[in-house]
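Some notes on the structure that comes next.
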Amino acid sequence: MASELPDSSWTIESLNQLNSRSDEVLIGWDGQEIYFGRLNTTSRRESGKQWFLADREDFTAQRLQGWSEFDKPSPTQLIANRFPSWDALGPIQHATVDSDRGVVVLSVWMDDGQFDLFIAQREGGNWSIPKPLEGLNSPYDEVFPNFHEGDLLFGSDRPGGFGGFDVYRSTRRELFAKAHPLPAPVNSGGDELTAVPGGTEAGSGFYVSAVRMGGQGGVDMLWMGPPPRPNAVDSVRLGMEIRYQREPLLDLDVRIRQRGGRHVFSGALDEQGRVEIGALMLDAALEVRFEANKRRKRSLPEGAVCHVYEQCKAEECLNSPWPGWKHMRSYRLSGGEAFVFDLLPLDALGVWNRPTDIDRSILNEGFGSWLGRFESSRPQLAGNDQQELIHWLQSYRGINGEWPEQLTLLIEGHADAKGKSGANENLSMQRAQHVVDIALQLGLPMGRMKAKGWGSAFASGKDQQDRKVTVRWVLN
């Protein structure tokens, strides 16, 4: 589940156990411990931009309870790595790594006296030569980059914010080309230098380094997050249904445990591909694993979908595909004997909307999705995959050959991270156009399709998985 973005209802709490009359600047957060640097406030006031490169004392502190209570900080030493491809850069102010996608973003001191952002990708055991993020850099400073759900957060004193330094967000879908200031309370008329997401746990919010009225007199660390949900229930009863190309999958065992912790549930899918999990406590991050049992000869097929349901009251959900159960969420599974994902925190299930166009899977209303893979540098699907795509598209036609009403076919091509970005964008668009051509031959009007090539913008570093096209029915 993605972390929530801030809104006006969020509360602010100072990390009193960690703040002092010096400046405290966030470095990182691993879910249990916070890492920060402590600098002299006088240095910030007298040395100007050089303060961003000043030597600091590093500390770490363990979270005790809630989001703002920490143990006493302990001195530590954080050593920044450098790689040969970075040698031509100036002094690096801060670096952040998105390990899931093999991307690093750095804030670098430039010869013209400002800090700009650079991006590099993982190439084997090293990093590519960093390139400037031209869509984000400005005549002002861009400092303290941090990743948030694949998007980029950074501090900047450019015009257009709330005043002084503000935290900006740039989305991966926009190819890091546009900057949007985060709303209050993260940003204010004071200075907000850096924001670090608290994680995907419900209510996690952000840790922020900022100069605020009423603080210790310098840059302090704050937690900003949503207030506790009122009248939250303690548990919900969940069920799951596993399908592949609309047909139920059988002979699968389901195992659930707390993430990194104890076993919670084990059971087998019934003849309809369903399993009732029972009551699960809220605020627990769980992992769900689907495993082929002894009766099943083949692995979990690529593109299978897990539908998550919550049990309804007796008089509700009678017309649901699973009577007595309300559909909450759908997850597309990625092959293999098992699949693991974070299902909880469950307290968000009650407010989740239907999956968006970005993550929509096969829903019981008849929406659907298909995924195809490509050989390296090839813009066409293999023959058997083309036939599978044709069969999948034809399955959505009515008796008289009509296509689904009020739906558009969204086609998105992707490429791995190898090669130049421009070539990858062209290749990904050719892959999307290949699907368009197949759909046109079947009689689907061009006006009922949208095609996009994302290049390697969403590359995970697993090349075979990154060379793909995703095809989805979405609302017009």
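Brief remarks follow.
- Being surrounded by 15 or more Cβ atoms within 10 Å (Cβ to Cβ), at pLDDT below 90 and over 28 Å from ARG289 (Cβ atoms) is a description that applies to ARG212.
- Here the condition is being within 30 Å of PRO227 (Cβ to Cβ), touching a His at 6+ places or on another chain (Cβ under 9 Å), surrounded by 14 or more Cβ atoms within 10 Å (Cβ to Cβ) and among the hydroxyl-bearing types (Ser, Thr, Tyr); of SER156, SER170, SER68, it holds for SER170 alone.
- Within segment 419-476, the residues that satisfy the criterion of being hydroxyl-bearing (Ser, Thr, Tyr) and over 18 Å from GLN380 (Cα atoms) are SER421, SER460.
- When GLY218 is tested against (1) in contact with a helix residue (DSSP H, G or I) (Cβ under 8 Å, 6 or more places away or on another chain); (2) at pLDDT below 90; (3) within 30 Å of ASP463 (Cβ to Cβ), exactly one condition is not met: (3).
- Residue in segment 129-147 that is of a type in the set (Val, Ile, Thr) and assigned to a loop (DSSP other than H, G, I, E, B) present: yes
- Residue within segment 69-81 that is under 23 Å from the mean Cα position of the chain (by Cα) and either part of a loop (DSSP other than H, G, I, E, B) or not assigned by TED's automatic domain parsing to the domain that holds LYS462 (or both) present: no
- Residue check, THR41 polar (S, T, N, Q) and in contact with a Gly (Cβ under 9 Å, 6 or more places away or on another chain): yes
- Residues that are closer than 10 Å to ALA415 by Cα and among the charged types (D, E, K, R), drawn from segment 432-476: ASP463, ASP466, ARG467, LYS468
- Test: residue in segment 438-452 that is assigned by TED's automatic domain parsing to the domain that holds TYR396, surrounded by fewer than 21 Cβ atoms within 10 Å (Cβ to Cβ), basic (Lys, Arg) and farther than 30 Å from LEU152 by Cα: yes
- Among the residues listed as SER43, SER20, the single one being within 17 Å of TYR207 (Cβ to Cβ) and either touching a helix residue (DSSP H, G or I) at 6+ places or on another chain (Cβ under 7 Å) or in the same structural domain as GLY113 (by TED's automatic domain parsing) (or both): SER20
The values are calculated or read from the model by the stated rules, or taken from the named source; none is laboratory data. Source: prediction; values computed, not measured. Please note: Cβ atoms are built from the backbone with ideal geometry, for glycine as well, and neighbour counts cover all protein chains shown.
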